[in-house]
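Encoded as structure tokens, the structure appears first; notes follow it.
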Amino acid sequence: MQPFIYDGLPCRVIFGDGTLSRLGGEIDRLGAKRALVLSTPEQSKAANDLAASLGARAAGVFTRATMHTPTDITEQAMEAVRSSGTDCTVALGGGSTIGLGKAIALRTDLPQIAVPTTYAGSEMTPIIGETAGGKKTTQRTLKVLPETVIYDVSLTLSLPAKLSATSGMNSIAHAVEALYAENRNPIISMMAEECVRAFARALPTIVRDPKDRDARSDALYGAWLGGACLGAVGMALHHKLCHVLGGSFDLPHAETHTVVLPHALAYNAGAAPDAAGRIAGALGAKDAALWLHELAKRLGAPLALRDLGMPEEGIERAADIAMQNPYWNPRPLERIAIRNLIASAWKGDPPAAH
Ligand code: NAD
């Protein structure tokens, strides 16, 4: 056994079908009395219904959460927090809404209850990315880790099949990089394998029948595990590339992860054979990178960065940015190979080691 360090993160998790009914009790448990319910504009009906069900425990609703947590939206939400006497937040939604709850906690230390409705995993991490003046900066602080997470399978039934597929691939990416992280440890590696297994089982069924409760339950369980991996250990080339591509070309988050993951894994597999073997074992595949590329194809998910709106001339620029500020990766970063990786992902070719 390799020596390791494991930090457990303090977060209460409630998992099940219909668990949202416990929200009022969980607000009381935090000693809070007035919860501000957060959502995106698309989920405002669900947020308003939830606030109505909370009665006097609701301070109000703020429904302008936006991808990549722009600080001007956070300032508007802060105004709502101040004017309504809010003493805790309830984020009902995916990573965008949970990001807003974290941004409020960063500024106020208010307790947060996250109710995730996608598989992105932000609810389990002490990480926040915020965008100001077109630039996204990320920091890690326990201040933003939600106190309580309520996973309710029934809330995920409405997540469209395509978004379920890409969001699931986003979560698998957390698990893949956790298995070869510099500070990996045996507990998180077990969770990572279980995450991959859960999604490999669930996603094909969900895409056929988005209302299949067993598959939805498996996927949400996988999302919890993937989020825990992301929150516990450092990430590498894949997450760095997605950050660069998303930030530089304004590409959609989950779709970018879906396209890049097989390519990043193929790049790293030779330098991290144990991790690649464990991922392949969990998927029931011979070649994990190729299998993930084929899975994305089967799920009807995007396969090429060009289909997400990235211009071809962006390939060289993305390679340059990815080489800046060196970071840990199992295989050293080689400019030509990274450029070829991005070019393959741009075209939608099958993954290769380059
Ligand atoms: P999202 O939160 O932007 O949601 C995508 C769309 O789906 C939104 O319109 C949302 O309202 C809708 N939606 C969500 N759940 C739904 C449901 N059950 N039914 C119907 N519609 C639903 O997407 P995301 O991929 O979850 O989050 C992406 C954001 O999260 C990015 O900004 C990313 O950087 C951030 N993120 C942060 C972390 C972290 O640890 N800090 C981790 C993962 C993602």
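Quick look at the numbers
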quantity	calculated
Where 177, 312 fall by accessible area, highest first, once all protein chains stay in place (1.4 Å)	312, 177
The range 1-86: relative contact order in percent, alpha carbon pairs under 8 Å with at least 6 residues between	26
Long-range HN-HN contacts of residue 13 with modeled amide H, under 5 Å	149
Residue 257 - accessible surface, heavy atoms, 1.4 Å probe, Å² rounded to 10	10
Over 27 Å between alpha carbons, listed pairs 240/297; 240/347; 33/135; 162/240	33/135
Cα centroid of the range 232-264 to Cα centroid of the range 286-335, whole Å	7
Whether the range 33-143 is rounded, prolate or oblate, judged on the alpha carbon gyration tensor where a/c under 1.5 counts as rounded	prolate
Exposure of residue 124 as accessible area (Å², to 10), given a probe of 1.4 Å and all protein chains	20
Solvent-accessible area, 1.4 Å probe, carbon plus sulfur percent, for the range 12-156	52
Relative contact order for the range 201-354, counting Cα pairs under 8 Å that sit 6 or more residues apart, in percent	27
Net charge of Cβ neighbours under 9 Å - reference residue 34; Lys, Arg +1; Asp, Glu -1	+1
Accessible area of the chain divided out per residue, in Å², using a probe of 1.4 angstrom	40
Carbon/sulfur fraction of accessible area - the range 161-347, other protein chains in place, 1.4 Å, %	52
Prolate/oblate/rounded call for the range 164-289, Cα gyration tensor, a/c under 1.5 rounded	oblate
Under 14 Å, Cβ to Cβ, from residue 354 - net charge with Lys/Arg +1 and Asp/Glu -1	+2
Expected 222 nm ellipticity per residue - DSSP helices of 4 or more, -39500 (n - 2.57), all of the chain, to 500	-16500 deg cm²/dmol
Per residue convex hull volume, Cα atoms of the range 76-198, in Å³	134
Exposure ranking of 209, 307, 72 by accessible area [1.4 Å probe, largest first]	307, 72, 209
Among 144, 161, 173 - extreme Cα towards positive end, dipole of the range 75-187, charges at beta-carbon	173
Mean separation of Cα contacts under 8 Å, 6 or more apart, over the residue count of the chain: relative contact order %	15
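The values are calculated or read from the model by the stated rules, or taken from the named source; none is laboratory data. Computed from a prediction, not measured in an experiment: that's the story for all the values here. Note that we place each Cβ from the backbone using ideal geometry, even for glycine, and neighbour counts take in every protein chain shown. The protein model used for the area step is the full one, side chains on, heavy atoms only, and it has no ligands, DNA or RNA in it. Shrake-Rupley method; radii C 1.70, N 1.55, O 1.52, S 1.80 Å.
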